[in-house]
Structure formats: structure tokens, C-alpha cells
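In what follows, a structure is listed as C-alpha cells, so that the remarks can point back to it.
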Amino acid sequence: MLVANPAEAAAPTVTVAMERYFEIALYLLIFVGFGCLASTGGLDLGPVLLVGAALLFRGYTLVSCQSILIPESWTTPLTVAYGLFYLADYFFLSRTFLGSTVHLLLFVMVVRLFSARRERDYYFLAVISFLMLLGASVLTVESTFLFAFAAFLLVGVVTFILMEMLSASRQATIRASASGDEGLAKGLGLWLVLSAPGFVLFLLLAGAVIFLVLPRLSSGYLSQYAVGTGIATGFSDQVQLGQIGEIQQSSALVMHIQVEGDRHGMFDLKWRGVTLNLFNGRSWSNPHEQHFVRRLGNRFVLAQPDTNHELPGPVRIIRYRVLMEPVASSVFFLAPTPLTLEGDYRVISMDDGGAVFDPDLEHPVNTYEASSNIAEHSPRQLRTSAAQYPPQILLNDLGTPGGLDPRIASLAEQITSSANNNYDKAVAIERYLRTHFTYSLTLPRTVERDPLANFLFERKQGHCEYFASAMAIMLRTVGIPARVVNGFRTGEFNDITSQYLVRARDAHSWVEVFFPGYGWISFDPTPAAPAPARTGWSRVMLYFDAAASFWREWVINYDVSHQHILTQQAARGALEWFRHTQTWAWHGYQGLLDAARRSGEIVSQAPLAWSGKAVCAVFLLIVGGNATRLWRAIRRQRMAAHPEKFPRAAATIWYERTIRTLAKRGFRKSPVQTPEEFLHSIPDLALRERISRLTQSYERARFGDSAEDAARLPKIFAEIASARRH
């Protein structure tokens, strides 16, 4: 808070108003900066509550005009003490550089807020507010940050204008008079309120132009500090049974998917993440080694060589584009069977289970394009598949955990007893789980010793992970290789952007069964989950999602490729506009030529009549072009003819006529001469006497609105004009 000294007690009201406005603007700037930071969700509840309470208390003291400041001698010990706490926060509490640094920033801000006395303290608080906004930009990629940034700009413009005005006022050597200061102070506040939005709009537009044009040389600035989500835990090499169910309880957006040519949401696909084939009774793991993927140009080739002698199958290739949210996962989610992948990635790896990873931490998974063959083999073909498995499949995908409950194998034998081929056995187990068990996201509070047996024989309800695990293990007990796949189902379709919205609740586990000659085939034993209710608000949210998608696509992920696309679109648009203008001009020129020809033919057929019309048209054009001048001349003539009705204007007219008349006689009035000075410059005494009477009548009529004196002017002018002829 600014503390006035005795020398400033007699300061003008406008200076006091500027200081008051500056206090409020600076407080709002800090408040908005902290609001941006807190809204990201990257802060713990404790710091949010403590700093929020401190800001509210500071706002109360500001409104009530109280000055509560920390003694200046306390600030240094407090800062040193928190410096030690910062180390503990970094190594034991937050355990992240960004989190502990943000806590330090908030502490320094609160201390400085309650100890600011000098001008440099206020500059320091303004810098801290900007650092909080910068921290918010790192912690979030949501489109709401744009509105928070606009609010920060609005308050920031007012704050820095007032800061500059106060600085100039303190350095001024000449003080303004206090008279009229109160009205000026009110006008200052109104001017700030009205002008600030215009400045902000200009800054946003100028910033947008610079943002779009500035060359993009790198990406992922500070991305290593961005806050991820817990979704990645379900798509790692080690997944605990139940983690997918935890992910499904969130509605957070994970990715947008746009399938080429799909404008009506006609696909219902599964998006593969990781494959898991080793089960220890409580968790699945993936022991497959990764290998780098071959790259051709800007495209990675994912289709693997035919190592298992797979037969040629049907072909149905789709191309799609995926826009990932920051979920801190290195997995590419792809439709089966992936063929190619494109994106701004230096290297890509793949394991034997078909999972695709991004090992480059400097280029996290955000946007990529891919193609997949989604065609499926027919049941008739799969029923004819032999049971001769490659050694690698037998080694990796047939094992069961030690101590497996024997009831599981007995149940599998019972379910598949009537089937005479592996496909029908898989279908039988899939159908049994779908029809005898219920879907539920209610997770057990305690981890069972044998969660799979508990699910099959006691609870008989669970989420997809339990269904997929049960099917995979039961298939293995009857000698059929199977594995679990974690990924996502296709979510809601947004017809505004033609994109599928895949949320955390769409996380899913299913089973892949190996058929020699045909490869891995998907089965899904999970019953359909209840569909979320659709309301009118859901439609509104689609528009918000469209805006958020645009924000992520053209702001957060804006890079060289986007600039190239934008340049191409601008070039095509400019070329199209030029062609349209050229066509319009050509048609206009042809129209003018046709009109000229028709006019020439008409005039040649009746030359006299059209000549008269042309003369009339030219006359009307001349009159129309000088209409204002003619109207003024007529009006002046009318006022000169009736001077008693228009004393002031008539006085000017008659005096100007007199000056022009005298100029023709050789008595020219200089522009710097007053009427009285011009009068004394006339050597002719008789003429001077008449001019004196005209000057007196002119001044009474012009400045006194005297109709009688105005009425005398024409007569006196006539005397002066006649004297010129003698």
C-alpha cells in the first residue's frame, strides 16, 4: 500500500486518485495472476487456501483504507528461512522443480505484498504477477487460459499506465493547480475504464499476427515441467489389476481423433495402447523388448514383416489424425492394424506386441497422423485355423500364474466343452462372461489375495480389466494363446469438428487371441456399460470442445507444419480472390462496353433529343456538384436582404462587402488590423466618417445582437459605395 508522507499531504486530488487507482489495479493484477495459477489444478490445496486467504485479507485492508505492513526488518529473516524450506520442499514435499519454485514465488509475493513501501517494491510485485501467469501457461494447455490472459492484459494495461503516470508526476518540477482536480480525477478513472479494452484488443491482434508469422524453430518449450495426469499408469510396462477402473472414473479429455472422410461418426473402433502378456495373479506386465521403427521420408512404417506366415486378408484402410492432451504417456494410440505413422518425432519404437512408443522426451506425444487396416477376418476363416503355434507365441502367451485357483481351469473346460475349434471356444468364453457377469466401476476397498478368483466366483461384477483378464487366463488354461490389451474405445462424436472425443472414462481393456495364419484377433468379453445421459447442456459442451480443439491445434501445437499449412491456405485464398476479382473486372468491363454500344446506337437514332438530354444531365451534374455552395450563397443573400432578422450574420456579411468595396478603391485591410485600426488608416475624412458609422453599427449588431444597427448597415454601405463613384 502506498504510504503518503507529509510533503504529499497537500498534493492535488488527481495525484491522490492516481495512487488509489494504482493500488487497486496492482492488487487486481496480482489477484488475476494467482487466479490463473490456481485454476490450472497444478497447485496443492494448502498453498491455494493460504495464499487465497492472504489476498482476500489484503483486499479487505485495501477497501477499508487500512495500512497493515510487515516491519521491514522481518522480510530478510523470513526470506532466508523460506530458502531453507525451499530445499526441503524440492527434495521431500513437491519433489519437482516447478512445484517448489511456484511455492517460493507465492511466498515471496505474499511477503512483498504486506511489506511494499517503495516504488521498486511495486515494480517487483508486477513482475511476480507476470511470473505467476507464466507458471500458469506451463501448467495448463486449456483454452480458458486465453480468457485469463486477456483479463491479465486488461488489468496490466491499466496498472502500467498508472505506474508511468505516477512516475512522471513524481519527477515533475512544476505542480499543476489543484483547481478542478476533483473533476479531472473522476475523468481519469472513466478514461482508464474506456480506453483499456481498446489497448488490450490492439495488443491481442498484434500479438496474434506476430504469433502466426514468427518462424517456429523448436517445440515443447518447458514441456518437461507440464503437469500430466494419472492416465499413463494404465499404459506402462507394469499395470496393476484395477488401474483401468480408476482411470474410467474420470471424465478428463484424453484425445481428439479425426478420421479422414468421416463426417457422421460411423466408426466404432478400439484404439490400442499397450499389450500385456505376463500375469502374476495381481498385475499384468509387458516384457517385450522394443526396437526402432524404420523411417521412409517423414513416415514411419509400422507394418511388421510376415514372421508368422499370415495369410493375405481383407483390406480396409483408414487414415486418421490424433490430437493428444498432455497425459504424460509415451504411447501412441492406434487403430488395429497400424500401418504407418507421421508426426514431428525423431525416432519411434515398437515392441513385439504391436505397441508403439515415443522414446524421445524432447518431442512428447501430442499430434500425429496414422493409417490402419481395420478389415477383419470372417468367423468361417478363423474356425479353420490350425493349432500349430510358433515357439515364441507358446513361450510368451500361454503362461498362467503360479497358484492359480483350480476352479478357473475347470470353469474354462466346462464352458468350452461343446466347441470343436479354438474360435468357438473363444466365443463361448466371451459370451459366458458377457451374460453371467455385470459391469461395475465399484472397486473393492481391499486388494484380494486372488482378485481373479474373487471376481469369477464371489463378486461376479467388475470393470473391463477383470473381464479381459478372466478371459485371457481361461483361454490359456485350455491351450489357446491370449493377451490383454489396454487402450480406449471410440468416444462421443462431435459433428461440429468431425472429431471423436475420447475421455478417460473410455479407457478399456480387451483380449487378443492368436490364430495361426491370421495373427492376433480381438475379443471383448465386457458387457456394455450404461451410456451417459444426453442433455441440452451436452450440445453446448460440444461447442466449447470445438473451441478448445482449435486452441490446442492452432495455438498450443502451432509449429512449422501449421505455418506451412496456413501459408498454403493464404496463398490459395489470395489466388482465388485475385481470380475472382479478375473475372469480376472482366465482366464489368464487358458490361461497360455493351452499355456504351447501346448508348451510341440510341443517340445515333435520335441525335437532337439525346443531345438535349445530355445537356440537361450535364447541367444537373454541375448544379448537384455545387449545390452546397449555391445554398450558402442564397442563404447569405437572404440574410443580407433582411439584416434585422439575422443581426450577427448580416453584420459580418455587410462588413465583408464593405471591405471588398474599399479594397477595389485601394484601401486594403490587413488581416492583423482591427476594425478600429483600419478606420484610422483611411485618409479621406468624409469616407472615414461613413466607415466609422458602419463600424459602430457592425460591432453593435455583431457582438450585441442589435437588430436596429443591423438594419442601418445596407444604407451606410450604399453611401460608401456611392462615395466611391464621386
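Sort through Arg657, Arg636, Arg665 and tell me the only one that's touching a residue at least 12 places away in the same chain (Cβ under 8 Å), over 13 Å from Ile720 (Cβ atoms) and surrounded by 13 or more Cβ atoms within 10 Å (Cβ to Cβ).
Numbers: Arg657 fails: over 13 Å from Ile720 (Cβ atoms); Arg665 fails: over 13 Å from Ile720 (Cβ atoms).
Within the list Arg657, Arg636, Arg665, the selection yields Arg636.
Is it true that some residue in region 487-504 is of a type outside the set (A, V, I, L, M, F, W, C), in the same structural domain as Leu269 (by TED's automatic domain parsing), in contact with a Gly (Cβ under 9 Å, 6 or more places away or on another chain) and under 29 Å from Leu394 (Cβ atoms)?
So in region 487-504, the residues of a type outside the set (A, V, I, L, M, F, W, C) come out as 487, 489-492, 494-495, 497-500, 503.
Within this subset, residues satisfying the condition of being in the same structural domain as Leu269 (by TED's automatic domain parsing) are 487, 489-492, 494-495, 497-500, 503.
Those left that are additionally in contact with a Gly (Cβ under 9 Å, 6 or more places away or on another chain): 487, 490, 492, 494-495, 498, 500, 503.
Checking which are under 29 Å from Leu394 (Cβ atoms) leaves us with 487.
Yes, region 487-504 contains at least one residue that is of a type outside the set (A, V, I, L, M, F, W, C), in the same structural domain as Leu269 (by TED's automatic domain parsing), in contact with a Gly (Cβ under 9 Å, 6 or more places away or on another chain) and under 29 Å from Leu394 (Cβ atoms).
From the list Leu592, Leu575, Leu566, pick out the single residue that is under 52 Å from the mean Cα position of the chain (by Cα), modelled with pLDDT of 75 or more, in a helix (DSSP H, G or I) and under 30 Å from Glu369 (Cβ atoms).
Values: Leu592 fails: under 30 Å from Glu369 (Cβ atoms); Leu566 fails: modelled with pLDDT of 75 or more.
Result of the check over Leu592, Leu575, Leu566: Leu575.
So Ala208 clears everything in (1) touching a strand residue (DSSP E or B) at 6+ places or on another chain (Cβ under 9 Å); (2) under 30 Å from Asp495 (Cβ atoms); (3) at pLDDT below 80 except one condition, right? Which one?
(1)
Exactly one of (1) modelled with pLDDT of 90 or more; (2) touching a Phe, Trp or Tyr at 6+ places or on another chain (Cβ under 8 Å); (3) more than 19 Å from Ala355 (Cβ to Cβ) is unmet by Gly313. Its number?
(1)
Just to be sure before I move on: is Leu28 at pLDDT 80 or above, closer than 26 Å to Thr159 by Cα, within 27 Å of the chain's Cα centre (by Cα) and in the same structural domain as Leu133 (by TED's automatic domain parsing) in the structure I sent?
Values: at pLDDT 80 or above: yes; closer than 26 Å to Thr159 by Cα: yes; within 27 Å of the chain's Cα centre (by Cα): yes; in the same structural domain as Leu133 (by TED's automatic domain parsing): yes.
Here the answer is yes, as Leu28 does meet what is asked.
Please count how many residues of region 53-90 are part of a helix (DSSP H, G or I), under 17 Å from Ile24 (Cα atoms), in contact (Cβ under 8 Å) with a residue 12 or more places away in the chain and not basic (Lys, Arg). I'd like the intermediate steps shown before the answer.
Restricting attention to region 53-90, the residues satisfying the condition of being part of a helix (DSSP H, G or I) are 53-63, 72-90.
Narrowing further to those that are under 17 Å from Ile24 (Cα atoms): 54-63.
With the extra rule that they be in contact (Cβ under 8 Å) with a residue 12 or more places away in the chain, the set shrinks to 54-55, 58-59, 61-62.
This time we only want the ones that are not basic (Lys, Arg), so: 54-55, 59, 61-62.
So the answer is 5.
For region 443-525, list the strands (runs of 3 or more DSSP E) that sit wholly inside it and hold at least 1 residues that are out of contact with any Phe, Trp or Tyr (no Cβ under 8 Å at 6 or more places or on another chain); which are they? Working first, answer last.
Details: elements: 482-489, 492-494, 499-503, 507-515, 519-523.
Qualifying strands (runs of 3 or more DSSP E): 499-503, 519-523.
Among Ser251, Ser223, Ser236, which is the only one that is among the polar types (S, T, N, Q), surrounded by 12 or more Cβ atoms within 10 Å (Cβ to Cβ) and modelled with pLDDT of 75 or more?
Values: Ser251 fails: surrounded by 12 or more Cβ atoms within 10 Å (Cβ to Cβ); Ser223 fails: modelled with pLDDT of 75 or more.
Sole residue among the options that is among the polar types (S, T, N, Q), surrounded by 12 or more Cβ atoms within 10 Å (Cβ to Cβ) and modelled with pLDDT of 75 or more: Ser236.
Would region 425-441 turn up any residue that is outside any loop (DSSP other than H, G, I, E, B), farther than 20 Å from Phe279 by Cα, in contact with a Leu (Cβ under 7 Å, 6 or more places away or on another chain) and assigned by TED's automatic domain parsing to the domain that holds Ala387?
So the first thing to find is which residues in region 425-441 are outside any loop (DSSP other than H, G, I, E, B), and the list is 425-436, 438-439.
Next, from what is left, pick out any that are farther than 20 Å from Phe279 by Cα: 425, 427-428, 431-432, 434-436, 438-439.
Add one more test, that the residue is in contact with a Leu (Cβ under 7 Å, 6 or more places away or on another chain), and what stays is none.
Looking through region 425-441, none of the residues is outside any loop (DSSP other than H, G, I, E, B), farther than 20 Å from Phe279 by Cα, in contact with a Leu (Cβ under 7 Å, 6 or more places away or on another chain) and assigned by TED's automatic domain parsing to the domain that holds Ala387.
Name the residues in region 418-440 that are within 16 Å of Tyr466 (Cα to Cα) and crowded, with 18+ Cβ neighbours inside 10 Å, would you?
First, pick out the residues of region 418-440 that are within 16 Å of Tyr466 (Cα to Cα): 429-440.
Correct list: Ile429, Glu430, Tyr432, Leu433, Phe437.
Determine whether Gly99 is modelled with pLDDT under 85, in a helix (DSSP H, G or I) and out of contact with any Lys or Arg (no Cβ under 8 Å at 6 or more places or on another chain). Walk me through how you get there before you give the answer.
Working: modelled with pLDDT under 85: yes; in a helix (DSSP H, G or I): yes; out of contact with any Lys or Arg (no Cβ under 8 Å at 6 or more places or on another chain): yes.
Criteria met by Gly99.
Quick one: would you say Ala126 is modelled with pLDDT under 85 and at negative phi?
Values: modelled with pLDDT under 85: no; at negative phi: yes.
Taking the combined requirement at face value, the residue does not satisfy it.
For the condition modelled with pLDDT of 85 or more, under 20 Å from Arg118 (Cβ atoms) and surrounded by fewer than 18 Cβ atoms within 10 Å (Cβ to Cβ), what is the one hit in Leu62, Leu69?
Numbers: Leu69 fails: modelled with pLDDT of 85 or more.
Going through Leu62, Leu69 in turn, just one is modelled with pLDDT of 85 or more, under 20 Å from Arg118 (Cβ atoms) and surrounded by fewer than 18 Cβ atoms within 10 Å (Cβ to Cβ): Leu62.
Take the residues of region 482-520 that are of a type in the set (Val, Ile, Thr) and closer than 30 Å to Gln240 by Cα: which is surrounded by the fewest Cβ atoms within 10 Å (Cβ to Cβ)? Steps first, please.
Pass one, region 482-520, residues of a type in the set (Val, Ile, Thr): 484-485, 490, 496-497, 502, 511, 513.
Among the residues that remain, those that are also closer than 30 Å to Gln240 by Cα are: 484-485, 490, 502, 511, 513.
Working: Val484: 26, Val485: 26, Thr490: 19, Val502: 24, Val511: 28, Val513: 26.
Among residues in region 482-520 that are of a type in the set (Val, Ile, Thr) and closer than 30 Å to Gln240 by Cα, the one surrounded by the fewest Cβ atoms within 10 Å (Cβ to Cβ) is Thr490.
Within region 237-288, track down each residue that is under 19 Å from Asp506 (Cβ atoms) and of a type in the set (Asp, Glu).
Glu246, Asp262, Asp268
Of all residues in region 411-431, count the ones that are among the aliphatic types (A, V, I, L, M) and closer than 23 Å to His377 by Cα. First the steps, then the outcome.
Taking region 411-431 as the starting set, the residues that turn out to be among the aliphatic types (A, V, I, L, M) are 411-412, 415, 419, 426-429.
Pick out the ones that are also closer than 23 Å to His377 by Cα and you get 419, 426-429.
Looking only at that region, the number is 5.
Taking Ile415 as the residue in question, decide whether it is surrounded by 15 or more Cβ atoms within 10 Å (Cβ to Cβ), within 53 Å of the chain's Cα centre (by Cα) and in a helix (DSSP H, G or I). Steps first, please.
Working: surrounded by 15 or more Cβ atoms within 10 Å (Cβ to Cβ): yes; within 53 Å of the chain's Cα centre (by Cα): no; in a helix (DSSP H, G or I): yes.
No.
Name the residue that is nearest to Asn486 (Cα to Cα), counting only residues in region 351-362 that are surrounded by 17 or more Cβ atoms within 10 Å (Cβ to Cβ) and under 30 Å from the mean Cα position of the chain (by Cα). If you could, list the steps in order and put the result at the bottom.
Step one: filter region 351-362 for residues surrounded by 17 or more Cβ atoms within 10 Å (Cβ to Cβ), giving 351-358.
Among the residues that remain, those that are also under 30 Å from the mean Cα position of the chain (by Cα) are: 357-358.
Working: Phe357: 14, Asp358: 17 Å.
Per the criteria, the residue is Phe357.
Given the criterion out of contact with any strand residue (DSSP E or B) (no Cβ under 8 Å at 6 or more places or on another chain) and either of a type in the set (S, T, N, Q) or within 21 Å of Ser283 (Cβ to Cβ) (or both), identify the matching residue among Ser371, Ser418. Step through it out loud before you land on a result.
On the way: Ser371 fails: out of contact with any strand residue (DSSP E or B) (no Cβ under 8 Å at 6 or more places or on another chain).
Checking each option against the conditions leaves just Ser418.
Scan region 479-501 residue by residue and report those that are out of contact with any His (no Cβ under 9 Å at 6 or more places or on another chain), closer than 19 Å to Leu334 by Cβ and touching a residue at least 24 places away in the same chain (Cβ under 8 Å). Lay out the reasoning, then the answer.
Of all residues in region 479-501, those out of contact with any His (no Cβ under 9 Å at 6 or more places or on another chain) come to 479-484, 490-492, 496.
Still in the running and closer than 19 Å to Leu334 by Cβ: 483-484, 490-491.
Listed by number, the residues that qualify are Arg483, Val484, Thr490.
The values are calculated or read from the model by the stated rules, or taken from the named source; none is laboratory data. The structure displayed is predicted, hence computed values, not measured ones. Neighbour counts are summed over all protein chains in view; Cβ atoms, including those assigned to glycine, are modelled from backbone coordinates with ideal geometry.
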